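K.L.:
Structure provided below as structure tokens; questions to follow.
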Amino acid sequence: MSNPEILERYIAMARAAGTDVECVSETELPVRLAAALPASGGNIAALSASGWPRGLRERVVARLASSGFEVTAPRKEEGGGYSWDIDRLAAAPVGIVWCEHYLADTGSLVLVSGPGMGGLATLLPEISLVLSPAQGCLGDLADYLQKTGGSPPSRITLATGPSRTGDIEATMTKGVHGPGKVVHFIIGA
Amino acid sequence: MKISLLLTCTADVLYPASARACVRVFEALGVEVIFPRLQTCCGQPWLNTGRPDGARRLALHFLEVFEDAENVVAISSSCADTVRNHYAELFPDSVLLRERFQEVAGRTYEFCEFLHRVLGVKNMPSHPHPVRTTYHSSCRTLRGIGLRGVAEEYLGQMLGADFVPLAENETCCGFGGSFSVKLPEVSGRLLEDKLQNITATGASLVASLDLSCLTHLSTGAERLKLNGIRFLHLAELMAGALA
Amino acid sequence: MNASHNFRKTSAAAVADEVLGAAVGKTANILFSLRGAAVAGYPGFEELRDWGRSRKMEVSGDLGPYARRFADRLEAAGGHAHFARDGREAVEIIKAIAGRVGAASAVKSKSMTAEEISCNEGLAHAGVTVTETDLGEFIIQLAGEKPSHIVAPAIHKDRAQVAELFHEALGSAPGLDVGDLVRVARKALREQFLSADIGITGANFAVAQTGTIAIVTNEGNGRLTSALPSVQIVVAGIDKMIPELSDLPGFLTLLTRSATGQVISSYVTMITGPRRQGEEDGPKELHVVLLDNGRSALASGRFREMLHCLHCGACLNSCPVYRAVGGHAYESVYPGPMGDVLSPLLWGMDAYPDLPDACTLCGRCAEVCPMRIPLPEYHRKLRVLRAGLKGEAAGWRAQAWASMAENPLLYRAGVGAVRRVLSHVRGLPAKMNGGLPGAWTLCRELPHPQEGPDFRSWWEKRQKGPSGKPE
């Protein structure tokens, strides 16, 4: 499948799983991002520290500031390792990360661990905003695993739609432990 | 074409009219019926209660009686299933016996399956006296024989709008052989659920291809005083339509 | 287990419970239909089942070497592998880890294998409080009960019962709806996640090639449990091995479509070793307890394919008996068809003498099992095994009946006698206890032969008729 085809399939599958998919140009991203920010629940945004394309993170931070949001992010410590301010993270109603790859077959985001990659920002806040490049769409998990060449990162999470449960009378309910809302911005699609 | 009728012990005891109807259907379709009189029970009760020795003895008896038959047709699905899907594995130590059982299994059919798959019967004539009828598709018909939708199609042709499909038609009626007496409370619950679905169709006839299920359903219906419902083998309706 | 399990007694009590029957029936039905739709929507599913079975055949044929390879790769990635022969050893290993790190609290993501070894009870003895974080598990932990389904543990409770429970245990308002109940649980459990010393999870798959553990959840509790606490303990049966990372996509498809009818669960987490240099989340210590507990013995026996079970729960949802009685009547971690087979094999036929009978042989479980485990056949085999243990297989009764049935003359005489009795006897007393007629007439009358002559007499008369074909 060509890129436009798998991208189309991704969008259909992700939407079916409950993800809000937004195709945006780089210029309109800040405005669209701001529109997805929560109106209540606090003004802290949890932001990953690493993995971003050059310049984009700074633009996101600037936009958050003009929307009245403070940023909390994994901080680099003296030994070179990253750590969250867990209280600030727990208080953030929204998390924002960069995600390089996502899978058409299942509509999944591929969230990988790494210093400053900020996986918890996609898990603790009620709203998860994820930014990806249009050319990052892969066919399926097999395609991604092939890229890892048999030596995977410490954690790979396929996140597909919001956190949900059917444990009470099989009634689907969103936002159990993780986000109840996931917005995926695909840039340049 | 010839068939050797596998009467089954259930028909021997309880369903002679169903068996007679099978014979009439075959004769109406130009099939010669042979009834090997030395036949007895297929041994399923032993197979299902952990007594393979007994099952083996009856399997060997079956082989003796039916091995030379052109086709074997059982009038109850679970017996056809026993011959077809379980005999060979009773003899893990004998390649020769397994082969002989597999060979005869390849020529053994359930009644309605034979009409559909071997005779290629596409159409059943209208029944002269249709009544509102539903169909219990037994577990062994569905999953042992692998026959889905065929009986329903014939019923539709014979009865038109008087054939009413049954809700939850792939769910067990709760018989299960020894299950019915080992766990009678659970068996009774499943039976009651099935009868409830049957009552909901408003049918006064219930057809099936498995005589064990028919026995279970009819005796349960009698207990619940559902006296307006009759339970019979599909062949009885076909015999009426083909007469 | 002290006394042996009496399924007739527990199942009879369960079918009398209307709320239970309605709740289990509703959820099992929904899961069953979701599975049906998901499988129908995946054209290659049957081939995928064959593939999955063949891959698991490779593993179950070589269980020890696969588990050792997994352990080596895990250690190479910085994790710790522990082999446990049985549940007691596994619990000791877990307690020792908890003791060494001075743990007081643990959060746990649903694991049937941890249930199998009574992990929570063991840790409680060591002074560690374990909080279940899967919503269903959390509900039953509050209620002081056991899971009643391997995927939907609180399947036996309806919304009203959960609302009542939260009201009493957590002080929430009475009569909340499902959405509100979920919010209450989120808040209560979030605090536990942030403060727990240990995270305990199961494993859906363990990849021998890379030492990777895969955990599948919808709620995100599996992710949190393996991201926040500084120590993670994974409890995995050695049957959870799959050969390579490239096998994972296929097995995930088989699992999630069969379990909940989902294309994929919300979160699939693949963990390869503990947190690495510079990373801000994930456990600093990762321990994987590889549990045998009878699995090696299964691998070499007649029930080997039980080791292929993905614990998807499709057989439970399809089973008429499970749907009617729910999980608790089985008095085992593993209920339903897979449990009927596993419980007597793991804990002994003496402990679960009735479970081989908890099956109508309807075959629906085998039809939906993603790994094509021949569950009805295994029920039959267990009955043979049990009859052998009791010395019944070659018992005089079974033999006498077989002798009669294989002799055409005796058989015909017997059929005639039974026909005469059934033609005349009507209405046995409904509560004749003890013997088989009593059990039969509990909910049924005795059968009556159809009218007219017996078939054989009819046939013989017809053959002798003047035209060859009378009537």
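The values are calculated or read from the model by the stated rules, or taken from the named source; none is laboratory data. The model shown is predicted, which means the values in this text are computed figures rather than measured ones. All Cβ positions, glycine included, derive from the backbone under ideal geometry; neighbour counts span all protein chains shown.
K.L.:
Got at least one residue in the stretch A:12-26 being at pLDDT below 95 and either farther than 14 Å from A:Ile186 by Cβ or basic (Lys, Arg) (or both)?
P.N.:
no
K.L.:
Looking at the stretch C:230-239, can you tell me whether even one residue there is assigned to a loop (DSSP other than H, G, I, E, B) and of a type outside the set (Gly, Ala, Ser)? Can you show your working first?
P.N.:
Of the residues in the stretch C:230-239, the ones assigned to a loop (DSSP other than H, G, I, E, B) are C:230.
Filter again for of a type outside the set (Gly, Ala, Ser), leaving none.
There is no residue in the stretch C:230-239 that is assigned to a loop (DSSP other than H, G, I, E, B) and of a type outside the set (Gly, Ala, Ser).
K.L.:
Another one. Would you check which residues across the stretch B:227-238 are crowded, with 17+ Cβ neighbours inside 10 Å and either assigned by TED's automatic domain parsing to the domain that holds B:Ala11 or over 18 Å from the mean Cα position of the chain (by Cα) (or both) and list them?
P.N.:
B:Ile229
K.L.:
Pick from the stretch C:326-364 the residues that are aromatic (Phe, Trp, Tyr) and assigned to a helix (DSSP H, G or I): which of them is nearest to B:Gly146 (Cα to Cα)?
P.N.:
C:Tyr330
K.L.:
I would also like to ask the following. Which one of the conditions (1) part of a loop (DSSP other than H, G, I, E, B); (2) more than 7 Å from chain C (Cβ to nearest Cβ) does A:Tyr102 fail to meet, given that it meets all the rest?
P.N.:
If we test A:Tyr102 against (1) part of a loop (DSSP other than H, G, I, E, B); (2) more than 7 Å from chain C (Cβ to nearest Cβ), just (1) comes out false.
K.L.:
How many of the residues making up the stretch B:151-175 are of a type in the set (Asp, Glu) and under 21 Å from B:Phe114 (Cβ atoms)?
P.N.:
2
K.L.:
Restricted to the stretch B:140-175, and to residues that are touching a residue at least 40 places away in the same chain (Cβ under 8 Å) and within 14 Å of chain C (Cβ to nearest Cβ), which residue is farthest from C:Gly36 (Cα to Cα)?
P.N.:
Looking at the filtered set, the residue picked out is B:Phe175.
K.L.:
Return the residue satisfying two criteria in turn: it lies in the stretch C:63-94 and is part of a helix (DSSP H, G or I) and of a type in the set (Phe, Trp, Tyr), and of such residues it is surrounded by the most Cβ atoms within 10 Å (Cβ to Cβ).
P.N.:
Across the stretch C:63-94, the extreme among qualifying residues is C:Phe70.
Conditions (1) away from chain A (no Cβ under 14 Å); (2) within 26 Å of C:Glu92 (Cβ to Cβ); (3) modelled with pLDDT of 95 or more, marked per residue:
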| residue | (1), (2), (3) |
| --- | --- |
| C:Glu280 | no, no, yes |
| C:Leu291 | yes, yes, yes |
| C:His308 | yes, no, yes |
| C:Val321 | yes, no, yes |
| C:Ala324 | yes, no, yes |
| C:Glu331 | yes, yes, yes |
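K.L.:
Residues to consider are A:Thr160, A:Thr148, A:Thr171; find the one that is facing another protein chain (nearest Cβ under 7 Å) and surrounded by fewer than 24 Cβ atoms within 10 Å (Cβ to Cβ).
P.N.:
After applying the criteria, what remains is A:Thr171.
K.L.:
Is it the case that some residue within the stretch B:27-43 is closer than 13 Å to B:His86 by Cβ and either at the interface with chain C (Cβ under 8 Å from one of its Cβ atoms) or surrounded by fewer than 24 Cβ atoms within 10 Å (Cβ to Cβ) (or both)?
P.N.:
Among the residues of the stretch B:27-43, at least one is closer than 13 Å to B:His86 by Cβ and either at the interface with chain C (Cβ under 8 Å from one of its Cβ atoms) or surrounded by fewer than 24 Cβ atoms within 10 Å (Cβ to Cβ) (or both), which makes the answer yes.
K.L.:
Same structure again: Scan the stretch A:120-145 residue by residue and report those that are among the hydroxyl-bearing types (Ser, Thr, Tyr), within 11 Å of the chain's Cα centre (by Cα) and within 12 Å of chain C (Cβ to nearest Cβ).
P.N.:
Of everything in the stretch A:120-145, those that are among the hydroxyl-bearing types (Ser, Thr, Tyr), within 11 Å of the chain's Cα centre (by Cα) and within 12 Å of chain C (Cβ to nearest Cβ) turn out to be A:Thr122, A:Ser128.
K.L.:
What is the one condition in (1) within 14 Å of chain B (Cβ to nearest Cβ); (2) out of contact with any His (no Cβ under 8 Å at 6 or more places or on another chain); (3) touching a residue at least 60 places away in the same chain (Cβ under 8 Å); (4) of a type in the set (Gly, Ala, Ser) that C:Gly363 does not satisfy?
P.N.:
(3) is the only condition that C:Gly363 fails.
K.L.:
Being more than 17 Å from A:Glu100 (Cβ to Cβ), more than 7 Å from every other protein chain (Cβ to nearest Cβ) and surrounded by 23 or more Cβ atoms within 10 Å (Cβ to Cβ) is the filter here, so list the residues in the stretch A:174-189 that pass it.
P.N.:
The answer is A:Pro179, and nothing else.
K.L.:
Which members of the stretch A:54-91 meet the condition of being crowded, with 20+ Cβ neighbours inside 10 Å and farther than 14 Å from A:Gly119 by Cα?
P.N.:
Our first condition is that a residue be crowded, with 20+ Cβ neighbours inside 10 Å; within the stretch A:54-91, this holds for A:57, A:60, A:64, A:69, A:72-74, A:82, A:84, A:89.
Those that are crowded, with 20+ Cβ neighbours inside 10 Å and farther than 14 Å from A:Gly119 by Cα: A:Arg57, A:Val60, A:Leu64, A:Phe69.
K.L.:
Filter the stretch B:194-218 down to residues that are over 14 Å from the mean Cα position of the chain (by Cα) and within 8 Å of chain C (Cβ to nearest Cβ), then give me how many there are.
P.N.:
Here the count works out to 1.
K.L.:
If C:Arg323 satisfies all but one of (1) assigned to a helix (DSSP H, G or I); (2) over 12 Å from the mean Cα position of the chain (by Cα); (3) touching a residue at least 60 places away in the same chain (Cβ under 8 Å); (4) within 25 Å of C:Ser54 (Cβ to Cβ), what's the number of the condition it fails?
P.N.:
Every listed condition holds for C:Arg323 apart from (4).
K.L.:
Can you find even one residue in the stretch C:233-245 that is facing chain A (nearest Cβ under 9 Å), within 16 Å of A:Pro152 (Cβ to Cβ) and not polar (S, T, N, Q)?
P.N.:
Checking the stretch C:233-245: at least one residue is facing chain A (nearest Cβ under 9 Å), within 16 Å of A:Pro152 (Cβ to Cβ) and not polar (S, T, N, Q).
K.L.:
Okay, next question. Would you check if there is a residue in the stretch B:235-242 being within 14 Å of chain C (Cβ to nearest Cβ) and outside any helix (DSSP H, G or I)?
P.N.:
There is no residue in the stretch B:235-242 that is within 14 Å of chain C (Cβ to nearest Cβ) and outside any helix (DSSP H, G or I).
K.L.:
Kindly indicate whether B:Leu97 is closer than 30 Å to C:Leu389 by Cβ, more than 8 Å from chain C (Cβ to nearest Cβ) and of a type in the set (A, V, I, L, M).
P.N.:
Numbers: closer than 30 Å to C:Leu389 by Cβ: yes; more than 8 Å from chain C (Cβ to nearest Cβ): yes; of a type in the set (A, V, I, L, M): yes.
So B:Leu97 fits the description; yes.
K.L.:
Here's something else I'd like to know. May I ask you to list the residues in the stretch C:123-163 that are among the basic types (Lys, Arg), touching a Ser or Thr at 6+ places or on another chain (Cβ under 8 Å) and more than 11 Å from chain A (Cβ to nearest Cβ)?
P.N.:
Result: no residue meets the conditions.
K.L.:
Could you figure out which of (1) facing chain B (nearest Cβ under 10 Å); (2) under 13 Å from the mean Cα position of the chain (by Cα); (3) not acidic (Asp, Glu) isn't true of C:Leu355?
P.N.:
Here C:Leu355 clears every test but (1).
K.L.:
Does the stretch C:23-44 hold any residues that are touching a residue at least 24 places away in the same chain (Cβ under 8 Å), hydrophobic (A, V, I, L, M, F, W, C) and within 10 Å of chain A (Cβ to nearest Cβ), and which are they?
P.N.:
C:Ala23, C:Ala28, C:Leu31, C:Leu34
Let's see how each residue does on (1) in a loop (DSSP other than H, G, I, E, B); (2) aliphatic (A, V, I, L, M):
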site: A:Pro53; (1), (2): yes, no
site: A:Arg57; (1), (2): no, no
site: A:Val60; (1), (2): no, yes
site: A:Arg63; (1), (2): no, no
site: A:Gly68; (1), (2): yes, no
site: A:Gly80; (1), (2): yes, no
site: A:Leu89; (1), (2): no, yes
site: A:Ile96; (1), (2): no, yes
site: A:Leu111; (1), (2): no, yes
